[in-house]
Amino acid sequence: MTKTSKPHGITLYGIKNCDTVRKARHWLDSHAITYRYHDFRDDGLTLDTIDQWLARSTAGQLLNKRSTTWKQLDDATRNQLDDDAIPALLAAHPTLVKRPVLDTGGELTVGFSDTAWQQLLL
């Protein structure tokens, strides 16, 4: 894809204080890619958005089991979690989402990869 045919309607999801989100924002800015930033804490996260992501990704890709929020969940919640319960859990605790989530309107990526983003956006 060339620069002139960049996808439109790019949204980057994350939280301000996440180092990986900062790196991703810097990467997008340095490549002059226009995007909308959606902060989970400030803007929230709806079940509809999560369901759309899960239609294009997997719960395993979206759920950050290394996060502080995951570690603070009670054992029963962590041990009895199934795919049906994940959307509601992510909506209630958006910081459980692996960051950043980049939605180009056609593609959805979770996490930051310079190489993958170059192939996708440049």
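Quick notes on this one:
- Converting phi to 3J(HN,Hα) with the Karplus coefficients 6.51, -1.76 and 1.60 and the offset θ = phi - 60°, the range 110-122 yields 10, x, 10, 9, 3, 5, 5, 5, 4, 5, 6, 10, 9 Hz in sequence order, with x at every glycine or proline.
- Sorted fewest first by neighbouring Cβ atoms within 10 angstrom, Tyr37, Tyr13 come out as Tyr37, Tyr13.
- Lysine pairs within the chain, Cα separation less than 28 Å, 8 or more sequence positions apart or different chains: 14
- Per-residue Cβ neighbour counts within 10 Å put Ser113, Ser67, Ser30 in the sequence Ser30, Ser113, Ser67, beginning with the fewest.
- Amide hydrogen neighbours beyond the local backbone of His38, cut-off 5 Å, H modeled: Leu12, Tyr13, Gly14
- Euclidean distance of C-alpha centroids, the range 15-55 and the range 77-94, integer Å: 20 Å
- Sorted fewest first by neighbouring Cβ atoms within 10 angstrom, Lys98, Lys71 come out as Lys71, Lys98.
- The HN-Hα couplings worked out from phi for the range 81-94 by the Karplus form 6.51 cos²θ - 1.76 cosθ + 1.60 (θ = phi - 60°) are 6, 10, 4, 5, 8, 4, x, 5, 5, 5, 5, 6, 9, x Hz, whole numbers, x standing for Gly and Pro.
- Fraction of beta bridges assigned by DSSP in the chain that are antiparallel (%, nearest 5): 65 percent
- Close amide H partners of Ser57, meaning residues 5 or more places away or on another chain with modelled amide H under 5 Å apart, do not exist here.
- Close amide H partners of Lys98, meaning residues 5 or more places away or on another chain with modelled amide H under 5 Å apart, are Leu63, Asn64.
Values quoted throughout were computed directly from the atomic coordinates according to the rules given, and no laboratory measurement underlies them. Just so we're clear, the structure is a prediction, and the values are computed from it rather than from any experiment. Counting neighbours? That spans all protein chains shown, and the Cβs are built from the backbone with ideal geometry, glycine included.
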